[in-house]
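Let me give you the structure first, and then I'll get to my questions.
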């Protein structure tokens with residue numbers, strides 16, 4: 001299954017957000033793979049609009065797996081200040097968009 005979601009990075013933190021994602025911790029990358037995330041990409045517009053794309057057999061299971069992973073708690077604690085105010089953690093706001101077209 002293909003998943004796409006939107007988040008909003010604070011415009012004043014865009015450059016630092018990009019720098020952090022150029023150096024994602026190896027243990028974070030391993031945790032994502034171990035919990036079923038694949039072909040995962042983030043796209044960032046200069047105003048902070050963040051588009052995420054990934055493929056997973058079961059997105060809810062992937063999110064739950066990461067929520068229980070210790071490295072994710074550390075990563076989210078460091079990354080949460082980068083996002084515009086929203087209820088819950090960034091992981092809680094990764095609401096999949098409805099796919100209305102796909103060219104295979």
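Name the pairs: first residue in the range 85-100 and at pLDDT 80 or above, second residue assigned to a helix (DSSP H, G or I), Cβ to Cβ under 7 Å, at least 6 apart or on different chains?
94/63; 96/59
What number of residues in the range 1-14 are farther than 22 Å from residue 65 by Cα and either touching a residue at least 60 places away in the same chain (Cβ under 8 Å) or surrounded by 12 or more Cβ atoms within 10 Å (Cβ to Cβ) (or both)?
Selection size over the range 1-14: 6.
I've got another one for you. The conditions are (1) modelled with pLDDT of 95 or more; (2) part of a helix (DSSP H, G or I); (3) closer than 17 Å to residue 3 by Cβ, and residue 60 fails exactly one of them. Which is it?
Just one mismatch for residue 60, condition (1).
Which residues, counting only those in the range 15-52, are in contact with a strand residue (DSSP E or B) (Cβ under 7 Å, 6 or more places away or on another chain), without any contact (Cβ under 8 Å) to a residue 60 or more places away in the chain and assigned to a helix (DSSP H, G or I)? First the steps, then the outcome.
Step one: filter the range 15-52 for residues in contact with a strand residue (DSSP E or B) (Cβ under 7 Å, 6 or more places away or on another chain), giving 17-18, 21, 32, 37-44, 48-52.
Filter once more, keeping what is without any contact (Cβ under 8 Å) to a residue 60 or more places away in the chain: 18, 21, 32, 37-44, 48-52.
Passing the criteria: 18, 21, 32.
Conditions (1) at pLDDT below 95; (2) on the phi > 0 side of the Ramachandran plot; (3) surrounded by 13 or more Cβ atoms within 10 Å (Cβ to Cβ), marked per residue:
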| site | (1), (2), (3) |
| --- | --- |
| 25 | no, no, yes |
| 32 | no, no, yes |
| 46 | no, no, no |
| 56 | no, no, yes |
| 77 | yes, no, no |
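Same structure again: Out of (1) over 17 Å from residue 6 (Cβ atoms); (2) surrounded by fewer than 12 Cβ atoms within 10 Å (Cβ to Cβ); (3) touching a helix residue (DSSP H, G or I) at 6+ places or on another chain (Cβ under 9 Å), the odd one out for residue 66 is which?
(2)
The values are calculated or read from the model by the stated rules, or taken from the named source; none is laboratory data. Given the structure is predicted, the values throughout are model-derived calculations rather than measurements. Every residue, glycine among them, receives a Cβ derived from its backbone with ideal geometry; neighbour counts consider all protein chains shown.
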